[in-house]
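To start, the structure itself, in structure tokens.
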Amino acid sequence: LVARGRFLRVLLVFAWVWLEPGPARSQSAPGFDTANLIVTVSGRIGPTPAFGAGIVFGREKDVLYVATANHVVRSGKIEATDLQIRLKTSPDRPIKATLLPLADRDFDLAVIRVDGLAANGVDVCALRLDRLSESAPKRGDDAYAVGNPNGVGWALPVRPDKVSDTSPDNIVF
């Protein structure tokens, strides 16, 4: 698998920090906060159900911005409808989301906006966005794919992949 582009590299580093080997994680550990920034995404592209995952990368007042794979929310010129996200802190509560026109098809990147979170019992200020690593992943590091495989939110593989190569625009694992 190849993560392309500077933004996707930041997102992978972001997830890497959360899963970086170390002592057991607790609710006060940095990984706990980072896991809360990973959301599941669902909707419909035409008659077909669509699902995937995203990472919260920004917030303002009562709004979250989520980066996701463009193929999760678009197929050609058809855009997903009935978009919803689910937060790890409240996985049984779907929250309506809006697909923004911001997209990079070459990097398979799209942006979703989520409004009205206070009405859904979500304190956006409680989501910590200061989870970046002091170092980038390097060859041989563990890499866990975190997402929504087959509609199973926040599922982790039993064994990690390994980072096999990095460059300014790519991380291969």
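The values are calculated or read from the model by the stated rules, or taken from the named source; none is laboratory data. Worth saying up front: this structure is predicted, and the values here are computed from it rather than measured. With ligands, DNA and RNA removed, areas are computed over all heavy atoms of the protein, side chains included. Shrake-Rupley method; radii C 1.70, N 1.55, O 1.52, S 1.80 Å.
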Stretchable slack from LYS96 to CYS125, in nm (0.36 nm times residue separation minus alpha-carbon distance)
8.6 nm
With every protein chain kept in place and ligands, DNA and RNA left out, what is the accessible area per residue of the stretch 35-119? Probe 1.4 Å, answer in Å².
51 Å²
Everything considered on the Cα gyration tensor (a ≥ b ≥ c; rounded for a/c under 1.5, else prolate if a/b is larger than b/c, else oblate), the stretch 79-166 must be described as prolate
Carbon/sulfur accessible area of the stretch 44-173, % of total, 1.4 Å probe, equals 52 percent
